[in-house]
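Remarks on the structure that follows.
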Amino acid sequence: MIRTQHPPSIKSLAVADDSTLTYHIFGQPLHTAPVIVINHSLTSNSEVAGPLGWWRTLIGDQQTIDLQQFTVLAFNIPGNGHDSSDDRPLFKKSTTRNVAQLYWQGIDALNIPHLHAVIGCSLGGGIAWEMSLLRPQKITYLIPIATTILASDWLIGHSLIQDNLLTKSTTPLVSARMHAMTLYRNPDSFSRKFKRRYRQSEQQYEVERWLKYHGNKIAKHHTVNTYRNMNYLLRTIGEDLTKAALITYAHTSSTKVHCIAIDSDYMFTKTEQFQHYQFLKAHDLAISYHEINSPHGHDAFLIEYDQLNNILTPILSQH
């Protein structure tokens, strides 16, 4: 196998309807190894590996997702602000189903006939589900992490709160991001991390300082438009999905699905994920359920690397 070259440059690809996809390829050259697609989360991007990769702890030479054995392909969600600094307001003009269709157009344009795996975290996991629903015979392993096949009322409600903060606050990005950070963690995580520490010199609690830091940091990577685009997509996960379509998918899909939930997740709860797993299993889909035990809430997919390694390695080694 060819050694991995880091970091690869971002590439662009014209697809239907005058759309352009930007993407990264890591590991082995296309058409020389099994292809794994990684779908990024709400505020991430296609740079999943390499020195600045947001999942570099899991993706690399001789790591969990071994770049000496696989080709890793990662697209930017259109309108996320990382694709050529695109700041198009796509609010209410795009859905996770639309994004999944664009990804498949990009995969077709790259002449990739079959995907060894599609792995998606959070919002990216919702898009991964949509990809499998669109082409139930084209993915060997689907691995949705900290996500679900259908947006819950809880998630839709928080998406509305986020949009109100983004459109009505005097500090939209800061306000929305601070609220989002409370959803990505949970009360126990906050208690463990901050322990009610107070900074006398700054006249604020440590938790306040941390939330303000993340609120200000988001402006370096997003505009109000791009953040609003990504937030809106959350509420569209599975919005056109019917029970009949889900049963048909379960009976016709050749994909092996491995759901990975987080026991303390407040954003995509383990309860809803387990319910969807039970429904699909009852209709004969080849599906399994795994659970990460963590006090860190939704963000555990960026923290609990040992547990993720223990789940992913046996799955991916089967190729």
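The values are calculated or read from the model by the stated rules, or taken from the named source; none is laboratory data. What you are looking at is a predicted structure, and each value in this text was computed from that prediction instead of being measured. Glycine also receives a Cβ, built like all others from the backbone with ideal geometry; neighbour counts cover every protein chain displayed.
When residues in region 37-54 are screened for being crowded, with 23+ Cβ neighbours inside 10 Å and under 15 Å from Pro144 (Cα atoms), 5 of them pass. Filtered by the rule that a residue be free of Cβ contacts under 8 Å to residues at least 24 places away in the same chain and outside any helix (DSSP H, G or I), region 263-303 gives a lone residue, Ile303.
Would it be correct to say that Tyr277 is crowded, with 19+ Cβ neighbours inside 10 Å, over 19 Å from Gln63 (Cα atoms) and under 19 Å from the mean Cα position of the chain (by Cα)? Criteria met by Tyr277. Being under 27 Å from Gly81 (Cβ atoms), of a type in the set (S, T, N, Q) and in contact with a helix residue (DSSP H, G or I) (Cβ under 7 Å, 6 or more places away or on another chain): is that true of Thr236 here? Considered against the rule, which asks whether it is under 27 Å from Gly81 (Cβ atoms), of a type in the set (S, T, N, Q) and in contact with a helix residue (DSSP H, G or I) (Cβ under 7 Å, 6 or more places away or on another chain), Thr236 comes out as yes. For region 220-260, a residue qualifies if it is assigned to a helix (DSSP H, G or I), aliphatic (A, V, I, L, M) and at pLDDT 95 or above, and the qualifying residues are Leu233, Leu234, Ala244, Ala245, Leu246, Ile247, Ala250.
Would you pick out the residues in region 254-272 that are under 22 Å from the mean Cα position of the chain (by Cα) and farther than 25 Å from Gly297 by Cβ? Correct list: Thr255, Lys256. For region 55-69, the tally of residues that are crowded, with 19+ Cβ neighbours inside 10 Å and either farther than 26 Å from Ile237 by Cβ or not assigned by TED's automatic domain parsing to the domain that holds Leu21 (or both) stands at 3.
Could you say which residue among Thr255, Thr170, Thr182 is closer than 29 Å to Asn45 by Cβ, of a type outside the set (Gly, Ala, Ser) and crowded, with 20+ Cβ neighbours inside 10 Å? That would be Thr255, the only listed residue that is closer than 29 Å to Asn45 by Cβ, of a type outside the set (Gly, Ala, Ser) and crowded, with 20+ Cβ neighbours inside 10 Å. Inside region 201-219, residues that are over 24 Å from the mean Cα position of the chain (by Cα), farther than 20 Å from His296 by Cα and not in a loop (DSSP other than H, G, I, E, B) make up a count of 1.
Residue-level analysis places Asn225 among those that are polar (S, T, N, Q) and surrounded by 16 or more Cβ atoms within 10 Å (Cβ to Cβ).
Asp108 passes every criterion in (1) part of a helix (DSSP H, G or I); (2) crowded, with 18+ Cβ neighbours inside 10 Å; (3) of a type in the set (D, E, K, R) apart from (2).
Residue-wise test of (1) farther than 25 Å from His296 by Cβ; (2) not assigned by TED's automatic domain parsing to the domain that holds Thr269.
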position	(1), (2)
Leu133	yes, no
Thr148	no, no
Lys168	yes, yes
Leu173	no, yes
Met178	no, yes
Leu183	no, yes
Ser189	no, yes
Arg196	no, yes
Arg199	no, yes
